[in-house]
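Accompanying notes for the structure given below.
The values are calculated or read from the model by the stated rules, or taken from the named source; none is laboratory data. Model, not experiment: these values are computed from the prediction. Positions of Cβ are generated from backbone atoms using ideal geometry, with glycine treated the same way; all protein chains shown enter the neighbour counts. The area values use the complete protein model at the heavy-atom level, side chains included, leaving out ligands, DNA and RNA. Shrake-Rupley method; radii C 1.70, N 1.55, O 1.52, S 1.80 Å.
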Amino acid sequence: MANGQIPPNWESVPTSSGMLDVGDQHSIHWRSFGHLEATPVVAVHGGPGSGANLHHLTFFDPHLHRVIMFDQRGTGLSVPCGSTVANTTQHLVSDIEKLRRFLSVERWLVFGVSWGACLSLLYAQRYPQSSTALVLVGLPNRHDYQNSWILEVRASLLPKRHQDFMASLSSVDRPDPVAAYCRKVRSPQRRFQLEATCAVWLLEAGLAGPEPETQTPMPLNEIDIGMINRAKIYLHYWVNKTFLPAGHLLVNPDSRATVPAIFVHGDTDWICPLNGVEKVVSHIKTAKLITVPGAGHSPFSVDMTHAIREVIMAI
């Protein structure tokens, strides 16, 4: 189910929703907010494994924008929920274009946060004719760089958190924790599923702001099926290296994409560090990076929200 409540200033605009059959026995749930004659926007949510976030409406003006959201394969209200079958980066990118065609949108502004920023950038390169501009917030540098950041660099900076992340693994499993937790979350034994889900939760809990918050492992009895399904998809993408070639910077040198790409990033991001996005941006001729001082990964801090809105209103 989509996260959050509809912001008050969006409650009176026309809305519609439905399911789109995208093939492979998957149907994705979509929602449209705003007047049909307004500037169309597709908002691509983070994860992998999370559903659409209604709070993203706060970045847009209901008088100017028509915001279209959807739950990626296996997430939110899409069906089958939690499925990793025919669920790859390439499938998700294709689904965005299928949704555009289904809704008869000629071109749209592509907005993505975190994992959604990755998909948005890949989408614009594959379908350059479909995008007017990109606004990408908190971009991870997938896959090798992000893997090193989480399991090596950040682990050394936050050793207690990393110890908790590794706690339920045997000595045999510790050399490759991602594969081990992926096996656990796919296990028919519920305790293994819960342990893997708790580990995934620890990767981001309390790290959205500029200062890491101390976290203790979540009690296993507080984990619900939605969290387990998210962990299944999250680990599915992690163990498969985001279904991108080794060393991939999310930039295809042969791409015909020429649309403006504006990146907004907190300079103290503990989930997707700034130097990762700087490396990506350096390879994109049409890119502009806006760094928000004192901000973390969350797009909802006062300064981040202001920066994102300012960028969107200027397009």
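Tabulated data for the structure shown
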read-out: Single residue of HIS26, HIS55, HIS45 found to be open to solvent by less than 10 Å² (accessible area, probe 1.4 Å), under 30 Å from ILE271 (Cβ atoms) and touching a Gly at 6+ places or on another chain (Cβ under 6 Å); value: HIS45
read-out: Checklist (1) more than 24 Å from HIS143 (Cα to Cα); (2) in contact with a strand residue (DSSP E or B) (Cβ under 8 Å, 6 or more places away or on another chain); (3) in a loop (DSSP other than H, G, I, E, B); (4) not hydrophobic (A, V, I, L, M, F, W, C) applied to GLN5, failing item; value: (2)
read-out: Failed criterion for VAL105 (all others in (1) within 18 Å of the chain's Cα centre (by Cα); (2) in contact (Cβ under 8 Å) with a residue 40 or more places away in the chain hold); value: (1)
read-out: Selection status of TRP201, open to solvent by 60 Å² or more (accessible area, probe 1.4 Å) and of a type in the set (A, V, I, L, M, F, W, C); value: yes
read-out: Candidate set: the stretch 258-315, residues that are open to solvent by 60 Å² or more (accessible area, probe 1.4 Å) and of a type in the set (A, V, I, L, M); chosen: the one nearest to the chain's Cα centre (by Cα); value: VAL302
read-out: GLN90 in contact (Cβ under 8 Å) with a residue 40 or more places away in the chain and either over 16 Å from the mean Cα position of the chain (by Cα) or assigned to a helix (DSSP H, G or I) (or both); value: yes
read-out: Residues (in a loop (DSSP other than H, G, I, E, B) and among the small types (Gly, Ala, Ser)) located in the stretch 190-247; value: ALA205, GLY206, ALA208, GLY209, ALA246, GLY247
read-out: Among (1) outside any helix (DSSP H, G or I); (2) buried (at least 16 other Cβ atoms within 10 Å of the Cβ); (3) not acidic (Asp, Glu), the one test that ALA117 misses; value: (1)
read-out: Neighbours by Cβ (under 6 Å, 6+ apart or cross-chain): first from the stretch 188-213, more than 19 Å from GLY226 (Cβ to Cβ); second β-branched (Val, Ile, Thr) and buried (at least 20 other Cβ atoms within 10 Å of the Cβ); value: LEU207/ILE271
read-out: Flag if PRO80 is closer than 18 Å to ALA52 by Cβ and surrounded by fewer than 16 Cβ atoms within 10 Å (Cβ to Cβ); value: yes
read-out: Test: residue in the stretch 197-206 that is touching a Leu at 6+ places or on another chain (Cβ under 9 Å), within 15 Å of LEU169 (Cβ to Cβ), at pLDDT 95 or above and of a type outside the set (Val, Ile, Thr); value: yes
read-out: Residue that is most open to solvent (accessible area, probe 1.4 Å) [pool: residues in the stretch 93-114 that are in a helix (DSSP H, G or I) and among the hydrophobic types (A, V, I, L, M, F, W, C)]; value: PHE102
